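Please read the structure below before turning to the comments.
Bear in mind these aren't lab numbers, they're just calculated from the coordinates by the rules spelled out. Because the structure is a prediction, the values reported are computed rather than measured. So basically every Cβ, Gly included, is an ideal-geometry build from the backbone, and we count neighbours across all protein chains shown.
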Amino acid sequence: MMNHVPLWRRIQQQNFTKIDEIIQFLELDAAHIAALDCSPDFVLQLPRRLAEKIQKRTVDDPLFKQFIPLKQEKESYPGFVQDPVQDARFRKAGKLLHKYAERALIVTTGACPMHCRFCFRKNFPYKIDYQSFEKEIAYLKSDSTLSEVLLSGGDPLSLSDATLEHLMNEIAAIDHVQRIRFHTRFPIGIPERIDAGFLTLLEKCSKQIWFIIHTNHKNEFDDAVWMALKKIQMLGIPVLSQTVLLKGVNDSVDALKELMEALINHGVMPYYLHQLDRVQGSGHFEVPPEQGLALIDALLRVLPGYAIPRYVQEVPGMESKTRITTLPSAIT
Ligand SMILES: *Cc1c(COP(=O)(O)O)cnc(C)c1O
Ligand code: SF4
């Protein structure tokens with residue numbers, strides 16, 4: 001019945017998914033269109049509210065660059081591969097990745113409300129059985145060293161409240177698990193997802209929840225987004241943010257400063273600034289680590305200490321994310 005479909009799902013159904021429609025909506029001209037990839041392998045998926053924040057008649061916009069497929073994605077760059085973070089190697093049960101001590105990550109779904117062109121997990125074998133979480137729960141139960149479970153994806157908030165409730169209950173029932181962590185971008189694209197039903201799930205959970213959003217530019221925010229995040233914060237759940245350093249999107253002191261300022265002005269803690277994972281098709285987004293370090297250095301001079309994200313890189317085989325602090329040449 002229609003009224004059983006939650007509002008956020010109905011909003012998601014109105015996403016832009018066709019290149020033709022986004023061309024019309026953004027009033028792009030022939031030159032712009034020539035730069036687009038009209039049959040991308042990773043399809044267009046863009047909530048209306050984000051499309052509305054993109055400047056018309058240009059391709060030079062920080063949200064455009066994050067979400068609209070360009071022909072540049074078809075170019076190959078040396079070192080850019082299918083699975084740069086080697087998820088496959090760390091898959092221990094079903095959709096569960098166990099890479100670091102104490103923490104395991106469940107790729108809960110392949111679905112995302114928006115498709116970021118640089119997504120490092122866009123080639124994940126999402127076909128693997130999403131119906132149940134039995135294998136993942138069994139693994140969590142069997143390893144008493146695990147104290148934290150990350151719900152990631154895809155976007156875990158793509159799951160229905162009923163599925164999330166079931167999963168969270170199963171996890172919370174495991175004695176040695178102390179914390180459940182969400183990794184989501186949903187509140188940025190469809191803040192309506194943070195509805196009464198979802199908030200009740202968070203509130204009822206017997207384990208501490210941490211909430212990590214993914215944000216790359218201040219234009220992604222507005223009052224509705226902040227309000228959704230505030231409702232989560234009101235439950236005593238810390239909200240943190242991680243950012244991917246992206247050429248043409250946030251590779252300037254001003255862009256990063258404005259982003260971090262927006263976050264801390266709303267009580268959201270900057271967590272990580274990620275060096276781009278070298279996934280095929282994202283070479284044009286790469287910012288050299290030299291520049292990343294210089295940007296962090298400049299931010300340190302103009303922001304409170306707590307507003308500076310940890311600048312890190314995913315190096316498969318390491319026991320944690322690897323901090324980028326100094327360049328090899330600078331150490332000598
Ligand atoms: C990044 C990541 C984590 C979490 O690492 P933190 O440093 O605790 O944020 C856990 N598992 C996997 C597979 C990851 O990629
Ligand atoms: S929200 Fe995250 S998982 Fe989804 S497409 Fe963007 S980067 Fe990938």
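Mind checking segment 1-93 for GluC sites (Glu not before Pro) that DSSP puts in a loop (not H, G, I, E or B) and that have at most 11 other Cβ atoms within 10 Å?
Glu27, Glu52
Express the relative contact order of the chain as a whole percentage, based on alpha carbon pairs under 8 Å and six or more residues apart in sequence.
Over the chain, the number comes to 16 percent.
With both bridge residues required to lie in the chain, what share of the DSSP beta bridges run antiparallel, to the nearest 5%?
Antiparallel bridges: around 25 percent, rounded to the nearest 5.
Please give the Cα centre distance for segment 100-125 versus segment 180-246, rounded to the nearest Å.
Their Cα centres are 17 Å away from one another.
Could you name the lysines in cross-link range of Lys71, using Cα to Cα under 18 Å and dropping any fewer than eight places away on the same chain?
Straight-distance partners of Lys71: Lys18, Lys122, Lys247.
For the pair Lys71 and Arg48, how long in nm is the line joining their label points, each one 7 Å along Cα→Cβ?
Between Lys71 and Arg48, the label points sit 3.2 nm apart.
Between Asp254 and Gln233, what is 0.36 nm times their sequence separation minus the Cα-Cα distance? Round to one decimal in nm.
Computed gain between Asp254 and Gln233 is 4.9 nm.
Select from Ala173, Ala31, Ala111 the residue whose mean-square fluctuation is largest in a Gaussian network model of the chain (Cα-Cα springs shorter than 10 Å).
Per the Cα network of the chain with a 10 Å cutoff, Ala31 tops the list.
For segment 70-226, what is the percent of antiparallel DSSP beta bridges, rounded to the nearest 5?
25 percent
For segment 79-133, divide the Cα radius of gyration by the Kirkwood radius and give the resulting Rg/Rh value with two decimals.
Ratio of gyration radius to Kirkwood radius for segment 79-133: 0.96.
How much space per residue, in cubic angstrom, does the convex hull of the C-alpha atoms of the chain take up?
146 Å³
If you project the alpha carbons of segment 88-177 onto the principal axes, what extent comes out on each, in Å, largest first?
Principal axes ranked by extent give 38, 30, 19 Å for the Cα atoms.
If a paramagnetic tag sat 7 Å from the Cα of Ala173 along the Cα-Cβ line, which residues of segment 131-160 would have the backbone N under 14 Å from that point?
In segment 131-160, the label zone of Ala173 (backbone N under 14 Å from the point 7 Å along Cα→Cβ) covers 133-142.
In segment 235-332, which GluC sites (Glu not before Pro) are in a loop and have at most 11 other Cβ atoms within 10 Å, using DSSP for the loop call?
Glu319
State the extension gain, in nm to one decimal, for the chain segment bounded by Asp41 and Tyr100, taking 0.36 nm per residue of separation less the distance between their alpha-carbons.
18.2 nm
Using only the Cα atoms, work out Rg/Rh for segment 214-293, with Rh taken as the Kirkwood radius, to two decimals.
1.02
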